[in-house]
Amino acid sequence: MTGGSDAPVRGGGAGRFRASVVVVVVLVGVLFGLGASVAVVAGIARGARSVGEQLTAAKVAPVDPHTVTESMEILTSSSFGPRYTHPSWTVRRGETVTLRITSYDDGSAPLTGAQMMFDRVQGTLSGTETVDGKSVTWVPNGEVSHTFTVVGLGLNLPIPVAPTGRSVTVVARFVVRRPGTFVWQCYAPCGSGPNSMGGAMATKGWMEGTVGVLS
Ligand SMILES: [Cu+2]
């Protein structure tokens, strides 16, 4: 009877089919499992590497990447007059700039006329600068030796007279929000010649320079 012999065959075919499905499901499962394991291991390795990179980076540069420090000195060794070192520098717009100015000049150059307003700190965070660590909003005019003034940025730092044979350090923090190239000048009459406005005061790179701000 053919029907009787067909049934087991069909039954056997269905069984093989089920078995095949099971094998495929198991294989897919194994492959997924392997893939997931590989992904987990790779993720752990990546994580370990990035943590390692962060630790290495922290050792090299422990500062906020959006802050930058610029340092200048005011030297007086030349007969031409006092001079700012590092007269031109560039920062990025939005960076918090810490500007450190160390002066060795023990001579005063009181501000006169319309320039007398430059004895006040302007344009810094919290409206202050520190003088040898002490926070101030201005310097008495008779004690002004120089200024670091960037009219285009509304920034003004009065630099007081340094004690003879020593230095004084002014530190100010500010954020520049306008891109461009801005001229800074000293407005204290610290040069030579008529009204002490010649010599260093009239020479680029001495009492005048530029602040570049990249966008
Ligand atoms: Cu000056």
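The values are calculated or read from the model by the stated rules, or taken from the named source; none is laboratory data. Since the structure is predicted, the reported quantities are computational estimates derived from the model, not experimental observations. Please note: Cβ atoms are built from the backbone with ideal geometry, for glycine as well, and neighbour counts cover all protein chains shown.
For segment 197-212, the candidate set comprises residues that are touching a residue at least 60 places away in the same chain (Cβ under 8 Å), aliphatic (A, V, I, L, M) and in a helix (DSSP H, G or I); within that set, the residue that is nearest to residue 110 (Cα to Cα) is 201.
Which residues, counting only those in segment 166-196, are assigned to a strand (DSSP E or B) and either away from the ligand (no atom under 15 Å from the Cβ) or outside the structural domain of residue 103 (by TED's automatic domain parsing) (or both)? Residues satisfying the conditions are 169, 171, 172, 173, 174, 175, 180, 181, 182. Could we say that residue 99 is assigned to a loop (DSSP other than H, G, I, E, B), of a type in the set (A, V, I, L, M, F, W, C) and either within 16 Å of the ligand (Cβ to nearest atom) or within 24 Å of the chain's Cα centre (by Cα) (or both) here? The answer is no for residue 99.
Select from segment 152-165 the residues that are within 15 Å of the ligand (Cβ to nearest atom) and either outside any loop (DSSP other than H, G, I, E, B) or not assigned by TED's automatic domain parsing to the domain that holds residue 126 (or both) and list them in ascending order. Steps first, answer last, please.
Filtering segment 152-165 down to residues within 15 Å of the ligand (Cβ to nearest atom) leaves 156-162.
Hits for segment 152-165 are 156, 157, 158, 159, 160.
In segment 49-83, which residues are at pLDDT 80 or above and either surrounded by fewer than 10 Cβ atoms within 10 Å (Cβ to Cβ) or out of contact with any His (no Cβ under 8 Å at 6 or more places or on another chain) (or both)? Of everything in segment 49-83, those that are at pLDDT 80 or above and either surrounded by fewer than 10 Cβ atoms within 10 Å (Cβ to Cβ) or out of contact with any His (no Cβ under 8 Å at 6 or more places or on another chain) (or both) turn out to be 66, 67, 68, 69, 75, 76, 81, 83.
Pairs linking a residue in segment 108-133 that is buried (at least 16 other Cβ atoms within 10 Å of the Cβ) to a residue that is at pLDDT below 95, with Cβ atoms under 8 Å and 6 or more positions apart or on different chains, are 109/196.
On inspection, residue 105 fails the criterion of being crowded, with 18+ Cβ neighbours inside 10 Å, within 17 Å of residue 150 (Cα to Cα) and assigned by TED's automatic domain parsing to the domain that holds residue 167.
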